[in-house]
1. Any idea which of (1) more than 23 Å from A:GLY59 (Cα to Cα); (2) at pLDDT 95 or above is the one B:TRP36 doesn't satisfy?
2. Is it true that A:ARG64 is of a type in the set (D, E, K, R) and at positive phi?
3. A:GLN41 is checked against (1) in contact with a Lys or Arg (Cβ under 9 Å, 6 or more places away or on another chain); (2) surrounded by fewer than 20 Cβ atoms within 10 Å (Cβ to Cβ) and fails just one. What number does that condition carry?
4. Collect the residues in region B:38-53 that are within 10 Å of chain A (Cβ to nearest Cβ) and out of contact with any Asp or Glu (no Cβ under 9 Å at 6 or more places or on another chain), keeping them in residue-number order.
5. Do you know which residues across region B:46-72 are aliphatic (A, V, I, L, M), touching a strand residue (DSSP E or B) at 6+ places or on another chain (Cβ under 7 Å) and surrounded by fewer than 16 Cβ atoms within 10 Å (Cβ to Cβ)?
6. Sort out which residues of region A:22-36 are under 8 Å from the mean Cα position of the chain (by Cα) and surrounded by fewer than 22 Cβ atoms within 10 Å (Cβ to Cβ), and write them in order of number.
7. Picking from A:SER62, A:SER73, which residue would you name as being in contact with a Pro (Cβ under 8 Å, 6 or more places away or on another chain) and not charged (D, E, K, R)?
8. Looking only at region A:57-95, count every residue that is within 10 Å of chain B (Cβ to nearest Cβ) and either of a type in the set (Asp, Glu) or under 18 Å from A:HIS29 (Cα atoms) (or both) and tell me the total.
Amino acid sequence: GAGVSQSPSNKVTEKGKDVELRCDPISGHTALYWYRQSLGQGLEFLIYFQGNSAPDKSGLPSDRFSAERTGGSVSTLTIQRTQQEDSAVYLCASSWSGTGGYEQYFGPGTRLTVT
Amino acid sequence: AQKITQTQPGMFVQEKEAVTLDCTYDTSDPSYGLFWYKQPSSGEMIFLIYQGSYDQQNATEGRYSLNFQKARKSANLVISASQLGDSAMYFCAMSNSGGGADGLTFGKGTHLIIQP
């Protein structure tokens, strides 16, 4: 079956522009996660959705970051007024549930470069 | 706060040898889950193995086993009979309540290189 898909795979943007990253989870997975991977910070957890609800948004790096999920499926991560430090690979993952030790299946990531 | 420590930034191992990748963790939660993921140079994160904090036996998945020592807060990954295709970054990760409701906390990773 289809895995987690993310688009675009690569995005180059100018500093100050807004970007939108998309994640399509595996069908039937109720939990969806966003992570950021960069050389300096390693893998950081950003936000988690159970259904369409995100119980805790404190992992988002700043108020320029927002995320939403609609229909219990597709999620978008939006970064406003991008900065160079936002350059990273943004990974999305999904799992059957947020509890119970279910493995998270990761997408291929979106490589964001802010120039 | 949860923390994962991987003390081996890089390792070189001869093909067919067994490999142990170290992972120690810190948490005040009695219920948690421990995961290992593999990230080849292509970038995808591949789930390898899971251990719940209340599991009595060490987890095994094919050539992978997790040496879980709860009192020492360690969760080392053992790869038996290493293969060239095992060359990759390996990440140890922890979730809260065994399931990841707060997302996974990852270690810095170990870059494993298998030599022929």
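1. Here B:TRP36 meets the rest and fails (1).
2. no
3. For A:GLN41, the failing item is (1).
4. B:GLN39, B:SER42, B:GLY43, B:GLU44, B:MET45, B:ILE46, B:GLN51, B:GLY52 - these are the residues of region B:38-53 that are within 10 Å of chain A (Cβ to nearest Cβ) and out of contact with any Asp or Glu (no Cβ under 9 Å at 6 or more places or on another chain).
5. B:ILE46 - this is the single residue of region B:46-72 that is aliphatic (A, V, I, L, M), touching a strand residue (DSSP E or B) at 6+ places or on another chain (Cβ under 7 Å) and surrounded by fewer than 16 Cβ atoms within 10 Å (Cβ to Cβ).
6. Scanning region A:22-36 gives a single hit, A:ARG22.
7. None of the others qualify; the one that does is A:SER73.
8. 3
The values are calculated or read from the model by the stated rules, or taken from the named source; none is laboratory data. These figures come from a predicted structure and were not determined experimentally. A quick note on method: Cβ atoms are made from the backbone with ideal geometry, for glycine too, and the neighbour counts reach across all protein chains shown.
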